[in-house]
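Remarks on the structure that follows.
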Amino acid sequence: MFNGSFANFLWSMFVIYMIFIVIMMFIRVFADIFTRENLSGWGKAGWILVLFVFPFLGILVYVIARPKNTEQDKRMMEQAQAVQARIAGGSSVDDIAKAQELLDKGSITQDEFNALKAKALA
């Protein structure tokens, strides 16, 4: 694979990168198929069969014709945003403590504190 020239090295790195990208595409599509709530078992089996028989065409067709599941997509997006907020802003205990400090200082009302607390615990 690598016989000494820099061009061969670059070509080898490109091929390895493309193989990695293809593997990641398959993993993502398989994960999406198995987490769909609006696909029946037979629908999931059909998509898996298409992906094994026609790998690249199957990925392309699935991405184009992917069944819409807006409720599940919204829920997954909200979960991802909640995780991101917790990572960026600390834990819910920290959020409640900050809100309590604001309440003690008189910066917010009891209703606003309750709303912040409910949001932190959600």
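The values are calculated or read from the model by the stated rules, or taken from the named source; none is laboratory data. Note that the structure is predicted; figures quoted are calculated from it, not measured. Neighbour counts run over all protein chains shown; Cβ positions are idealised from the backbone, glycine included.
Listed values, structure above:
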quantity	calculated
The one condition in (1) in a helix (DSSP H, G or I); (2) of a type in the set (Val, Ile, Thr); (3) surrounded by 12 or more Cβ atoms within 10 Å (Cβ to Cβ) that Ile108 fails to fulfil	(1)
Inter-residue pairs, beta-carbon under 8 Å, first under 11 Å from Arg36 (Cα atoms) and part of a loop (DSSP other than H, G, I, E, B) and in region 56-84, second modelled with pLDDT of 75 or more and of a type in the set (A, V, I, L, M), 6+ apart	Pro67/Leu39
